[in-house]
1. So if I take the centroid of the Cα atoms in the range A:140-211 and the same for the range A:48-122, what is the distance between those two points in Å?
2. For peptide A:203-216, what's the mean number of Cβ atoms from other chains within 10 Å of each residue's Cβ?
3. What ranking do A:D112, B:D315, B:D403 get, fewest neighbouring Cβ atoms within 10 angstrom at the top?
4. What does the copy distance list look like for B:R97, label position 7 Å along Cα→Cβ, in nm and ordered from shortest?
5. Would you work out which of A:N249, A:H207, A:G186 lies farthest towards the positive end of the dipole of the range A:177-252, given +1 charges on the beta-carbon of Lys and Arg and -1 on that of Asp and Glu, about the Cα centre?
6. Give me B:S296, A:S328 ranked fewest to most by other Cβ atoms within 10 Å of their Cβ, as a rough exposure proxy.
7. Suppose R0 equals 30 Å. What FRET efficiency, 1/(1 + (r/R0)^6) with r the Cβ-Cβ distance, do B:Y411 and A:E308 give to the nearest 0.05?
8. Quick one: which residues, 5 or more positions from A:V366 or on another chain, have an amide H under 5 Å from its amide H? H modelled 1.01 Å from N in the peptide plane, none for Pro or chain starts.
Number of protein chains: 2
Amino acid sequence: MKAEIIAAGSELLTPDRVDTNSLFLTAELNKLGIEVTRKAIVGDNRGDIRDAFAQALARADVVIATGGLGPTEDDLTREAVAELLGRKLESNPAVLRTIQERFRSIGRQMADVNARQAMVPEGAQVLENLRGTAPGLWLESEGRIIILLPGPPKEMEALFSRQVAERLATRAGGTRLVERDLRVAGMTESDLDQLIAPIYTKYPDVHTTILAAPGEIQVQPRIWAADVRAAEKLLDEMVERFTIALGDNLFTVKGESLEEVVADALIQNHATISTAESCTGGLVAERLTRIPGSSSYFLGGVVSYSNELKSAWADVPPELIQSRGAVSAEVAIALAEGIRLRTCSTLGMGITGIAGPGGGTSEKPVGLVHIALAGGGAPRERGLRFPGDRERVRWQASQVALDMVRRHFLYVPGKRPGTKG
Amino acid sequence: MKAEIIAAGSELLTPDRVDTNSLFLTAELNKLGIEVTRKAIVGDNRGDIRDAFAQALARADVVIATGGLGPTEDDLTREAVAELLGRKLESNPAVLRTIQERFRSIGRQMADVNARQAMVPEGAQVLENLRGTAPGLWLESEGRIIILLPGPPKEMEALFSRQVAERLATRAGGTRLVERDLRVAGMTESDLDQLIAPIYTKYPDVHTTILAAPGEIQVQPRIWAADVRAAEKLLDEMVERFTIALGDNLFTVKGESLEEVVADALIQNHATISTAESCTGGLVAERLTRIPGSSSYFLGGVVSYSNELKSAWADVPPELIQSRGAVSAEVAIALAEGIRLRTCSTLGMGITGIAGPGGGTSEKPVGLVHIALAGGGAPRERGLRFPGDRERVRWQASQVALDMVRRHFLYVPGKRPGTKG
């Protein structure tokens, strides 16, 4: 079964907004064995919306549209679809009552414009929206399914999960998308490809995507299969070969983020961590605390931007800063050791560098970052020069920092990271 | 002049990747007075790519495609366009030499597959790619312009800026998009709309978009105009009215981020700031240090997750934590005052709360955050309960925190924020 997604909304044709609803929908449709073959983004223009539906219906079994169901005159999806299918739009008394009730419950009168949201094309089934006033609609025409969903992500997602997924599942065929999500840190895309190309080329039925992001590469083998069990077995075999080839660089086979894997390693090993950051400005602490329950392993961190605070908060000797410079391997190590002792944590992380765009010299250029990890033996330190702008330098430094914590647990006795479950 | 954008690549039809090249292209095309009227996203399928071009060419003056110009068999844009236009694909010796040269310069032999990238449809002009091996192509057919660009953003952007923008400018008409970007913090979308609807409805030629994001609303009036000066005047008049209506809630009329406005206010007023964060985990420090040159106003911050570190790093009396609880107005104020005194900064920010999903009680529910600002008079404190998940609670808390800093400078003698330039 093939689906196309239409996103309606003039704001999606500006330089500021991109359609992200289709990511959720694609994931959900794939789970049901429905492949997304095309996406279209159209403005708030009745003719354009109608044409987009006409073209999509000529190709796909299911057409799902988001947006254009609001109460204003810019919201034209209902009208465009009714016109295309030659169906009348009628005010649905039950929907109207629901909308009025919704307004009443928050102590407000329904505005007249909201009555438009009760207009339903003949023969359409109404999908109740528990989070907003615009109901969804399900239509069928000439063997094709048309699903209209509201644009706000929370409303769209809730509506799809509660009222569309199951209904679609009964209509979808037996094929399913089976996939794996492996993630790798600490190597380049070309080095990775050299290692794994001999593996994935042996599986011509599996489509393996390699996606490179700063400081991380995702390897995603995917296969559409009627026999899900056989496909799972095939992918497990592939993943096993990838795992051997990638070794310690592979940090998850289950699509986890690096901070999730690190959090899990810390928890599994009953370890705690603290951070002393300079150029990353708190990004490592922020990433470590994104995870629910992070208070069990994260004790605290300092962002010691000034030299004085490097000494005051992490006991970096002022002489060391003076002799080696604030951006140096020695100061990174002193930050890591200092914060570890101050907070009595198992591990201490120290980061100092030049994120740019200013502050670089020929000896210590923009992008140079020293990252140190103290605890459990001699401190480890890495000095790297990252390419890109300030944001990219900071992000890559935080990736290496988290990856150093992960790798630490590969080499000490205890539970290895990325092996949960 | 109207343009459509086609993004080719099967990875753009997965749940993980969204086309972002079109945002850059839309901004650049708008500057040239070219409106983007539709976007299509298609997989690596020759028939689909061909059909997408056929449909776009039936509607638009310019069709720009990104992706599908690589060396592998998945890269089919060249073939699809040549087929659609009925033109032969020929190997271009100059392009081939350039690619071979590129490989030689990095000490490698060109792989045979890369020869595909030298295939050029009859009559196409080659647009040299200085950052990669895939050249861009410019074709014209029946009065329409077709531009094929590589998919990697850095290559696409450099190629467009250097070789497409000027060429398109000479073909585009005299109309330009004129726009403003106002941003507001501290009010709801409906309250905002109530204040400004009486203004924007008086300007029917201007399309005003209101975009709500967590803790921030953008108001963007846009107009396509042949007489740019008259349009600028009209928008300036509108912005003046919006400014009066929105008062202190308006933080920029130039599309700046909240951290940029705050950074500017700190710099203009020769003020410094330090932070003591709990539930936001360093997010406020991280946002304050995103701005180049932040070391001139940001002295440092602590992420004091544990009660002990709240006392050790920001001198919060343990009795206060015991009597009022770690999440309380009193502790937020003590964090703010403590960190300010410790670092000798002009302002101190203290944040404590429950980001969730765990840790809430009926008295202190998930989402409750206390935010305090000390310095220049009595400390200000706000206790708020934010909706949404952990990430959303943390983000909204950081928005309110930054906004409190901004508002501080509205009420003290000195330079007002958001009034630079």
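Since every read-out is calculated from the coordinates, none of them should be taken as a lab result. Owing to the predicted nature of the structure, the values given are computational and were not obtained by experimental measurement. Cβ atoms come from the backbone with ideal geometry, glycine included; neighbour counts cover every protein chain shown.
1. Each part's Cα centre sits 28 Å from the other's.
2. Going residue by residue through A:203-216 and averaging, the value is 1.
3. Fewest to most other Cβ atoms nearby, the residues stand as A:D112, B:D315, B:D403.
4. So the distances to the same position in the other copies read 8.0 nm.
5. A:H207
6. B:S296, A:S328
7. 0.50
8. Distant-sequence amide H within range of A:V366: A:G360, A:T361.
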